[in-house]
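Undergrad: A single structure is presented below for examination.
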2 protein chains.
Amino acid sequence: MPRHAPIELEKFVPYQLSIVSNTVSEDIAREYRERFDLGTTEWRVMAVLARYDGDGLSARAVARLTAMDKVAISRALARLVANGRVLRRTHRGDKRRSVLRLSAEGWRIHDVVAPLARQHERAFLERLDADEQRALARILDKLLATDAAVR
Amino acid sequence: MPRHAPIELEKFVPYQLSIVSNTVSEDIAREYRERFDLGTTEWRVMAVLARYDGDGLSARAVARLTAMDKVAISRALARLVANGRVLRRTHRGDKRRSVLRLSAEGWRIHDVVAPLARQHERAFLERLDADEQRALARILDKLLATDAAVR
DNA sequence: CTACAATAGTTTCATTTGTAACCATTTGCA
DNA sequence: TGCAAATGGTTACAAATGAAACTATTGTAG
């Protein structure tokens, strides 16, 4: 047994994960950043506003739904509102809350970026065969579930 | 077909990957940050210095081996040297290059952190069954290989 | 030999991000 | 009621990160 047992970074799973994850996320992010001057957090906010487009979400709800912290959300919203992509009103009955909705312009951008993101996801998954794709989906679901359970 | 087809973030693979990856990396990083005041880049530098402990690496070599950029490496090295964890000499015959090595103190820290990191990796993988672990290893290798090929 | 390009590494400056403190409002309950 | 704790959100400050410019040295084409 060697005295020092160094880690082989390229076989270390957390490291591998971070490379794969950063690469694919960065590929997608670059495209909508260049085309719409949109940051990652901003895009995620838009995505949840699009999906839960019922009565308008609060910033807190957006934070929960994106698993990001409220300061990041606050900053993203400031830009989105300033750029006319999100409409912000005050909740009647609770003046602390904001009521958030995509604007028409926000929807227009969403309807370009969402398919584009899906396209990137597809291209990414196509580097795997069908079995591997299924396995990856299973694994990620399981990890996310057990992770949520732990916290 | 709905007019707007919003993304379901929690089923979007790049998003899932980023959550899983950040969670596990952050868990490990927190521990060595708290115990040794060591940043992620610093630890990665130490890991490659430990592994390729032949004639001493240059900063450029460290950058290549960690897949990080030379500015980040330069900063990490400045701290590591200041804290007595890495020894820096000048290459004889090429005064531009530095020759980097872990100090005794650096090795001491390495020999605590490396097993600790492996322990976290093990705990992470144990959330999967044996088949899933094999599948994940296969998938990551494949993605990293095709990724490298693409660039 | 000289001059220009390339390489190793650092510094600078702008942007991003994270943490803590903060303000306003609402809720819980003595 | 009335006041402390909790909640929604923003601001302020510090640390981390990235891009570009810079210094020093070495390689190389004429």
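The values are calculated or read from the model by the stated rules, or taken from the named source; none is laboratory data. Being a predicted model, the structure only gives us computed values, none of them experimental. Glycine gets a Cβ as well: all are built from the backbone with ideal geometry, and neighbour counts include every protein chain shown. The area values use the complete protein model at the heavy-atom level, side chains included, leaving out ligands, DNA and RNA. Shrake-Rupley method; radii C 1.70, N 1.55, O 1.52, S 1.80 Å.
Undergrad: Please name all residue pairs, on different chains or six or more residues apart, with Cβ atoms under 6 Å, provided the first residue is in region A:39-57 and is under 20 Å from residue A:25 (Cα atoms) and at the interface with another protein chain (Cβ under 10 Å from one of its Cβ atoms) and the second residue is hydrophobic (A, V, I, L, M, F, W, C) and in a helix (DSSP H, G or I).
TA: Every condition considered, the pairs that remain are A:40/A:29; A:47/B:9; A:48/A:62; A:48/A:65.
Undergrad: Okay, moving on. Can you tell me which condition residue A:93 does not meet? The list is (1) within 11 Å of DNA strand C (Cβ to nearest atom); (2) open to solvent by less than 70 Å² (accessible area, probe 1.4 Å); (3) in a loop (DSSP other than H, G, I, E, B), and all the others hold.
TA: (2)
Undergrad: How many residues are under 13 Å from the mean Cα position of the chain (by Cα) and either away from DNA strand D (no atom under 12 Å from the Cβ) or of a type in the set (Ser, Thr, Tyr) (or both) when one looks only at region B:65-82?
TA: Of the residues in that region, 2 qualify.
Undergrad: Related question: Looking at this structure, is residue A:86 closer than 18 Å to residue B:6 by Cβ, within 12 Å of chain B (Cβ to nearest Cβ), of a type in the set (Val, Ile, Thr) and away from DNA strand C (no atom under 16 Å from the Cβ)?
TA: No, not satisfied.
Undergrad: Could you list, in sequence order, the residues of region B:71-90 that are part of a loop (DSSP other than H, G, I, E, B) and either farther than 19 Å from residue B:40 by Cα or not polar (S, T, N, Q) (or both)?
TA: B:84, B:85
Undergrad: Moving on. Read through the list (1) closer than 29 Å to residue A:20 by Cβ; (2) outside any loop (DSSP other than H, G, I, E, B); (3) open to solvent by 30 Å² or more (accessible area, probe 1.4 Å), then give the number of the only condition that residue B:68 fails.
TA: Every listed condition holds for residue B:68 apart from (2).
Undergrad: Out of all the residues in region A:24-40, which are assigned to a helix (DSSP H, G or I) and touching a helix residue (DSSP H, G or I) at 6+ places or on another chain (Cβ under 7 Å)?
TA: The answer is A:24, A:25, A:27, A:28, A:29, A:31, A:32, A:36, A:40.
Undergrad: Residues in region B:12-23: is at least one outside any helix (DSSP H, G or I) and among the hydroxyl-bearing types (Ser, Thr, Tyr)?
TA: No, that holds for no residue.
Undergrad: Moving to a separate point now. If we scan region B:51-62, do we find a residue that is assigned to a helix (DSSP H, G or I) and more than 9 Å from DNA strand C (Cβ to nearest atom)?
TA: Scanning region B:51-62 turns up at least one residue that is assigned to a helix (DSSP H, G or I) and more than 9 Å from DNA strand C (Cβ to nearest atom).
Undergrad: Looking at region B:47-59 only, could you name the residues that are open to solvent by 60 Å² or more (accessible area, probe 1.4 Å) and under 20 Å from residue B:111 (Cβ atoms)?
TA: B:51, B:52, B:53
Undergrad: Residue under question is residue B:62, and the condition is that it be within 17 Å of the chain's Cα centre (by Cα), within 24 Å of residue A:11 (Cβ to Cβ), open to solvent by less than 10 Å² (accessible area, probe 1.4 Å) and within 9 Å of chain A (Cβ to nearest Cβ); does it hold?
TA: When the stated conditions are applied, residue B:62 does not pass them.
Undergrad: Go through the residues of region A:122-129 one by one and say whether even a single one is at the interface with chain B (Cβ under 9 Å from one of its Cβ atoms) and closer than 19 Å to residue A:42 by Cα.
TA: no
Undergrad: Return the residues of region A:104-121 that are open to solvent by 40 Å² or more (accessible area, probe 1.4 Å) and more than 9 Å from chain B (Cβ to nearest Cβ); say none if nothing qualifies.
TA: A:104, A:105, A:108, A:112, A:119
Yes/no per residue for (1) within 21 Å of the chain's Cα centre (by Cα); (2) within 16 Å of DNA strand D (Cβ to nearest atom); (3) hydrophobic (A, V, I, L, M, F, W, C):
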residue	(1), (2), (3)
A:55	no, yes, no
A:84	yes, yes, no
A:90	no, yes, no
A:100	yes, yes, yes
A:125	yes, no, yes
A:130	no, no, yes
A:134	no, no, no
A:144	yes, no, yes
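Undergrad: Moving on to the next point. Assuming residue A:8 fulfils every condition listed in (1) open to solvent by 70 Å² or more (accessible area, probe 1.4 Å); (2) within 12 Å of DNA strand D (Cβ to nearest atom) apart from one, which condition is it?
TA: Of (1) open to solvent by 70 Å² or more (accessible area, probe 1.4 Å); (2) within 12 Å of DNA strand D (Cβ to nearest atom), only one is false for residue A:8: (2).
Undergrad: Can I ask one more? Output the residues belonging to region B:26-46 that are open to solvent by 20 Å² or more (accessible area, probe 1.4 Å), within 9 Å of the chain's Cα centre (by Cα) and not polar (S, T, N, Q).
TA: Across region B:26-46, the qualifying residue is only B:44.
Undergrad: In addition: Please state which of the following conditions residue A:101 fails to meet, knowing it meets all the rest: (1) open to solvent by 70 Å² or more (accessible area, probe 1.4 Å); (2) more than 9 Å from chain B (Cβ to nearest Cβ); (3) within 12 Å of DNA strand C (Cβ to nearest atom); (4) not hydroxyl-bearing (Ser, Thr, Tyr).
TA: Every condition holds for residue A:101 apart from (3).
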